[in-house]
Amino acid sequence: MGLGWSRRVFVKAGIAAALGPTWSSASAAGAPAEPADLCAVAAADPYQATLKAIEQLGGIGRFVPKGATVGLLINHQFRNPGAHVNPDVSAAVAALCWEAGAKSILSLKDERFTYWRREGRSQDAARKITPCSGNYVTVEVPRGQALRKAEVIKEFFAADVLINVSVAKDHDGTRYACVLKNAMGALTYTTCQFFHFGHGKGGWYGDVGFLSQCVADLNLLRTPDLAVADATTILTSNGPFGPGKLAKPQTVVAGASAVSVDAYCTRFLGLDPSRVAMIVRSAALGLGETDLRKVKVREFSI
Amino acid sequence: MSSASSASILARCRIAGGAAVASVCVLTAILICLSPIWVPGGAAADTPDRAILLLFPKPEEVLPWAPDGPTQLAEGQELFALINGGAELFLRHGFERAAVQSYSLASDRHIQVEIYMMQGVDGAAEVFARKTGPAERPLALGDAGAAGEYYVIFRRGRFLVTVAAGDATTDAKATILRIARAIENRIPARFP
């Protein structure tokens, strides 16, 4: 059973896959001399891991100017373990935004179940978060190859800063889901249906290539300014809803590129990013780098 | 850009007793109100929904855990709004309706119960086979059952049930088994 996905295995996989970045202990690392493009922090406390990962990118100030309106797109739709972002990860992101002087934080997705109620720190961070309006706008996707039009929650565009907070997990159709796919959370159900059925071949996953291209096209509309991936407890089977096998890499990954963060996180499911169509297609659209040798990756273990 | 209201374009699952259940028959509601049988999520559920709602254990059977929020209901394509892409598997094998109820203990512990009513026994068996594998151990529950580290899945007749905890503590595992057995006992041997 996957609950025992060991730290040792994870670290070995991380080192092998990243070809260059090395793991440091937090005690040996102070403030970063030069901001990383991507930072992965393995820690028992997801809240602290998130703070550390964003600090290593140059701090939240790099992404959230004082007085900014922040749009938070959190994957909190499903309640089963490993199927949603740990609330401590989201809480840490929100807390940092307030600390940076954000004017407001908008939740781009209706809260499901009792997401923010689970942890004390989540309660504190969530208190001032503004729920989304529930109003959608229809927009063209000028460079879209499969997706030409989409109905998107209006705050997706209205926010000064977009932060995508997702969880790396198995997906029945695409085999992998995290930051890029989480962008679908900003869409109406009608548009999501197009992703699945717009190819006309039938079946929810009748054409995964088409679905993957739609995800890539969607990210053309707006790439997140900051991408945070929760890989603390992840679903490795029966995704995206669960319940299913769990792995516990106990890691939080943050980066300025959704594509690179997704490319990095595929390792937690034993996948190669070159085999995940939505990542490959997003990179082909110029949305980010999948070759992590070209990305300044920093890894820590607290 | 044109504005669109989410209410008109979002597929929605329904909440037992909630405003979204628009087609509630007044007579049914009156009958249910008069009934001594406990129905999760309130009494305002139409007859097919009521059949599945009655499978949930009574609150006193899950103590000290308590129902957390209303029961969510989905029929046919509404399942997409409830479990997103996970719906494909069920719809492919003849999904009819589902009900999902959460239970909580304190603010940070939860259990989620999902009951899926399929159109036939074969559909429940197909989904069960797909959702279980070497990761789960066989469990004597229903017509076939399996247990993962923090969840149990079983099928009985044309029902497929999953009961999943948010943690794998001894207490949580005992509770999910208790809930699963309570549901198993409520599913009639010959459901129409």
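Read the figures in this text as sums done on the coordinates, not as results from a lab. Since the model is a prediction, treat every value here as computed from it, not as a measurement. Glycine also receives a Cβ, built like all others from the backbone with ideal geometry; neighbour counts cover every protein chain displayed.
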Exercise. Return a yes/no flag: does the stretch A:249-257 have any residue that is surrounded by fewer than 24 Cβ atoms within 10 Å (Cβ to Cβ) and closer than 17 Å to residue A:164 by Cα.
Key: yes
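Residues to consider are A:201, A:245; find the one that is basic (Lys, Arg), more than 14 Å from the chain's Cα centre (by Cα) and more than 10 Å from every other protein chain (Cβ to nearest Cβ).
A:201
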Quiz item: Where residues in the stretch B:153-170 are within 9 Å of chain A (Cβ to nearest Cβ) and outside any strand (DSSP E or B), which of them is surrounded by the fewest Cβ atoms within 10 Å (Cβ to Cβ)?
Solution: B:167
Quiz item: So residue A:80 fits all but one of (1) surrounded by 24 or more Cβ atoms within 10 Å (Cβ to Cβ); (2) part of a helix (DSSP H, G or I); what number is the exception?
Solution: (2)
Practice problem: From the list B:186, B:130, B:97, B:181, pick out the single residue that is farther than 27 Å from residue B:63 by Cβ and out of contact with any Asp or Glu (no Cβ under 8 Å at 6 or more places or on another chain). | Solution: B:130
Practice problem: Might you let me know whether the stretch A:273-284 holds any residue that is more than 14 Å from the chain's Cα centre (by Cα) and β-branched (Val, Ile, Thr)? | Solution: yes
Quiz item: When residues of the stretch B:54-77 are filtered for being more than 16 Å from residue B:174 (Cα to Cα), within 14 Å of chain A (Cβ to nearest Cβ) and either in contact (Cβ under 8 Å) with a residue 24 or more places away in the chain or not small (Gly, Ala, Ser) (or both), how many remain?
Solution: 8
Quiz item: Of all residues in the stretch A:142-158, which are outside any strand (DSSP E or B) and either at the interface with another protein chain (Cβ under 9 Å from one of its Cβ atoms) or closer than 24 Å to residue A:69 by Cα (or both)?
Solution: A:154, A:155, A:156, A:157, A:158
Practice problem: Go through the stretch B:78-113 and count every residue that is of a type outside the set (A, V, I, L, M, F, W, C) and at the interface with chain A (Cβ under 9 Å from one of its Cβ atoms). | Solution: 12
